[in-house]
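Working notes, beginning with the structure itself.
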Amino acid sequence: MRTVLKEAFDDTIRSLAECQTWYSSSIDSSEVFLLWVCDQLLTQNDPQWIFQPLRASERKYLAEEVGINRQSISGKPPEETVEMILKAVGLPPGQIAGTAKLVAKWETFEERIRVGDGQSVASLARQLAERVLRVLLFFYGGKIFPTMLKEMLESPGSLRLPRILQEALTDAEAESQITNALQIDGWADLGFLNLALRKLSARLESQATTLVNANELNILSSKEQETFNCLATALQAYTHDRPSSNAEREAALLSAVTDVKIVLRTMIERGSMPDYGVVIECCDTIFGKSFVVRCETRCRRLLAEVPPGLGEEILFVSSTTRDWARCEWSSTPWAIH
């Protein structure tokens, strides 16, 4: 930033920070810049704060200074360019998509269906529903209770196992192979994920399994499973050629999408839907091993017997919503949304 702004660096950075309560003209401008960056990282979920000191024409020079080829950002919107810059300098993503954005997406689906955009929403709703269920199956089955998931898949009942899971079960390291399979795209459809997650949830419920909040774990109830079944049924009118259902299909899809949104809110409120974040601090404290995770709306300090690594992207559930709460966590290859 100093190289791009040259002699204007000091005045520009001080003008951005002078309204802050901590600011003093006696602080060196380099430290002012550091503290200003800290404020943005801890309080902002719009990554374009990084462009505040710059004119629009100077953004490409900043990208070049951090090692990004100018051709690679040509034509890209500012939000993509800034995410590339943050990654290049080792800072966490500018936007974190957690449970709040998840619910907001389903609200957007409702609005789009009401204005006649059901065809586009159908495809997106299927993808997002599959992502939600896969995240839950990965978190609880693949990471927190892998033995329970393996035992469920060994006695699947009416659940038809895809070949990838059949092969994983024959491996000497079956549990890790199942977890790896859940991270592979393309084979797990909405119907399979919905039934598999309900079967795992039922097993955990039968053993009165608890997590850090001491409540009996209920990942997906039978009523919630039926809600996702209704969504799958509503989506069939868009997947297959059924002219006779064209008049009613948007109403059915709207109803199903609204019900899924309500289910997601319920799961979030009871603490069974893990949130997503990026770890920005790890340390030992008098209360135990703690870490700070940057989430969608704020940063949280949590406790764990074995904390995640610095910069790791995680899914987590905590005993309560306040800082210093105990948590269960796992690494993740995807954000919630």
Average Cα contact separation per residue, the chain, under 8 Å, 6 or more apart, as relative contact order %: 17 percent
Base-10 log of normalised Debye intensity for the stretch 1-97 (one unit scatterer per alpha-carbon) at q = 0.10, 0.22 Å⁻¹: -0.27, -1.22
Accessible surface of the chain [probe 1.4 Å, protein heavy atoms]: carbon and sulfur percent: 48 percent
Exposure of residue 312 as accessible area (Å², to 10), given a probe of 1.4 Å and all protein chains: 60 Å²
Per-pair calculated FRET efficiency, R0 = 45 Å: residue 173 and residue 104 via Cβ, rounded to 0.05: 0.70
Top positive-direction residue, dipole computed over the stretch 257-320 with Cβ charges, set 304, 316, 271: 271
Flagged links, alpha-carbon separation over 18 Å, of 6/60; 223/261; 199/223; 101/261; 60/101; 150/199: 60/101
Cα-based helix-to-principal-axis angle, 29-43 vs the chain, degrees rounded to 10: 20 degrees
Counting all C-alpha pairs of the stretch 88-174, share separated by more than 21 Å (%): 53 percent
Heavy-atom surface of the stretch 124-253, accessible at 1.4 Å and reported per residue (Å²): 48 Å²
Approximate spin-label separation residue 230-residue 320, in nm, with each point projected 7 Å along Cα-to-Cβ: 3.5 nm
Distance between modelled label sites at residue 285 and residue 183, nm, 7 Å Cα→Cβ extension: 2.9 nm
Point-to-point label distance, residue 305-residue 114, nm (Cα→Cβ direction, 7 Å offset): 4.8 nm
Whole-number accessible area per residue in Å² for the stretch 1-121, which is evaluated in the context of all protein chains at 1.4 Å: 55 Å²
Theoretical FRET efficiency, 1/(1+(r/R0)^6), r = Cβ-Cβ of residue 331 and residue 210, R0 25 Å, to 0.05: 0.65
Coarse-grained scattering of the chain at q = 0.08, 0.10, 0.11, 0.15 Å⁻¹, given as base-10 log I(q)/I(0) from a Debye sum over alpha-carbon atoms: -0.49, -0.74, -0.86, -1.27
Percentage, to the nearest whole number, of Cα pairs in the stretch 184-249 over 17 Å apart: 56 percent
In degrees, nearest ten, helix 78-88 long axis to first principal axis of the chain (Cα): 80 degrees
Square roots of 5 times each gyration tensor eigenvalue, C-alpha, the stretch 253-337, largest first, Å: 28, 13, 9
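The values are calculated or read from the model by the stated rules, or taken from the named source; none is laboratory data. Note that this is a predicted model, so its numbers are computed, not measured. Cβ atoms come from the backbone with ideal geometry, glycine included; neighbour counts cover every protein chain shown. When the accessible area is computed, the model is the full protein with side chains, heavy atoms only, and any ligands, DNA or RNA have been set aside. Shrake-Rupley method; radii C 1.70, N 1.55, O 1.52, S 1.80 Å.
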